[in-house]
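What follows draws every value from the coordinates through simple rules; no lab data is involved. These numbers were taken from a predicted model, which means no experiment stands behind them. We place every Cβ from the backbone using ideal geometry, glycine too, and count neighbours over all the protein chains shown.
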Amino acid sequence: MTLVLSQQVQEFIAEHRHGVISTFGKNRAAHLTVVTHGLYQGTPAFTSNEGLVKLFNLKRDSRCSFLVMSPNGRTYVTLEGRAEVYAPGESDAQQLRKVLREIYRAAARKEHPDWDDYDRAMLEKGRHGVLVVPERMYHNLGKYT
């Protein structure tokens with residue numbers, strides 16, 4: 001069951017743009033990667049290039065955990081759930097373009113100066129969009145609760 005994040009949790013995630021995604025390898029060991037993310041459709045989202053371990057793992061097993069914390073580490077949100085991957089050749093091209101653009105806007109907190117150039121670069125790089133779909137959450141938000 002998908003968990004709807006509270007406004008306070010969404011604000012915290014949007015304010016702290018670096019997170020750690022945990023995926024699972026074939027040997028069931030956790031693989032941790034730092035990503036720059038944005039809030040898309042009320043949940044953390046990031047982009048990834050084809051061929052990276054986190055993406056390979058998520059395509060094979062969508063289970064994941066996602067940690068966002070303040071610079072001092074005293075406040076954090078951890079989401080457990082699954083990843084929804086938008087992939088070139090596997091997702092509708094217009095939907096993928098939209099997802100990649102929205103993730104860029106959310107992570108960069110600005111518009112891209114040339115969306116056509118951005119779209120071309122994302123296509124050439126085989127860039128994927130990844131949404132973290134939370135099912136469970138725990139946190140220590142301090143001022144955010």
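Tabulated values for the structure
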read-out	value
Count of Lys pairs (Cα-Cα under 17 Å; at least 8 positions apart or interchain) in the chain	5
Nearest-20 debye value, the range 7-139 charge dipole, Cβ charges on Lys, Arg, Asp, Glu	440
Residue-averaged [θ]222 nm for the chain, counting only DSSP H segments that reach four residues, each worth -39500 (n - 2.57)	-9000 deg cm²/dmol
Rg/Rh for the range 7-139, where both radii come from Cα atoms and Rh is the Kirkwood radius	0.96
Mean separation of Cα contacts under 8 Å, 6 or more apart, over the residue count of the range 7-139: relative contact order %	30
Loop trypsin sites (Lys or Arg not before Pro), the range 99-145 (other Cβ atoms within 10 Å of the site Cβ: 11 or fewer; DSSP)	109, 110
For the range 87-132: span of alpha carbons on each principal axis (Å, largest first)	28, 25, 16
Phi to ³J(HN,Hα) by Karplus 6.51 cos²θ - 1.76 cosθ + 1.60 over the range 103-109, Hz, x for Gly, Pro	5, 4, 4, 5, 6, 7, 6
Longest segment of the chain lacking GluC sites (Glu not before Pro) that sit in a DSSP loop with at most 15 other Cβ atoms within 10 Å	1-49
Amide H within-cut-off set for residue 40, under 5 Å, with H built and near neighbours excluded	45
